[in-house]
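Peer 1: Take a look at the following structure, please.
Each value in this text was obtained by applying a stated rule to the coordinates, not by laboratory testing. Please read all numbers here as calculations on a predicted model, not as lab measurements. Neighbour counts are summed over all protein chains in view; Cβ atoms, including those assigned to glycine, are modelled from backbone coordinates with ideal geometry.
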Amino acid sequence: MSREVIRPWPTQADHKAPYVPAIRVKGGTVLFMSGMGALPPVHRHPHVPEEWILPDDPAEQTRRALDKIRTVVEAAGGSFRDIVKITRYLKDISEQDRVNAVIHEYFGENLPCSTTVQVSAFVVPTMKIEIDAWAVIPDAAPRRAPKLPAVPARPARSRAAKAGRGRRRRS
């Protein structure tokens with residue numbers, strides 16, 4: 001898989017954006033991931049208030065969400081580096097700078113394309129962020145069948161031999 005960042009305008013050295021404008025990908029398999037929040041990956045449905053105890057820090061909630069995303073992409077055979085698009089849903093848009101710091105912490109120079117949206121509420125009231133992601137996982141090298149030893153060919157039988165099979169001559 002090849003990944004090329006498209007930057008149609010210059011970047012500002014003093015401003016570290018938490019995204020890139022576009023990424024062109026060739027080859028690979030697309031993985032679409034559901035939104036992940038700070039809740040444990042396995043929790044009850046319908047949701048119960050006992051499971052709503054989450055850290056109040058948006059940075060810590062972002063780390064928990066990104067850790068779950070990493071687990072999913074790795075389970076699919078990829079790596080965090082294969083993530084090309086995220087959408088960040090924030091309950092309070094004023095917390096995006098704290099979220100951006102964590103995005104840089106996790107992605108480093110390998111930033112994905114990103115969209116940020118403020119939402120009025122989440123299913124769990126203590127959630128501050130939910131992130132969904134797309135990844136393009138490189139195709140594995142084609143599987144090759146193991147080489148088996150050649151099976152010797154059976155000698156061909158004549159028609160006369162085939163016709164005489166099962167018959168006994170009487171003398």
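Peer 1: Subtracting the Cα-Cα distance from 0.36 nm times the residue separation, let me have the gained length for SER120 to ASP57 in nm, one decimal.
Peer 2: Answer, rounded to one decimal: 20.9 nm.
Peer 1: What ranking, highest mean first, results for peptides 67-76, 14-23, 126-135 when packing means the other Cβ atoms within 10 Å averaged over each residue?
Peer 2: Sorting 67-76, 14-23, 126-135 by mean packing, highest first, produces 126-135, 67-76, 14-23.
Peer 1: So what's the net charge close to THR62: Lys and Arg +1, Asp and Glu -1, counting the other residues with Cβ under 14 Å from its Cβ?
Peer 2: Net local charge, THR62 excluded: -2.
Peer 1: At 7 Å along the Cα-to-beta-carbon direction for both ALA101 and HIS43, put a label point, then send me their distance in nm to one decimal.
Peer 2: Label-label distance for ALA101 and HIS43, simple model: 2.4 nm.
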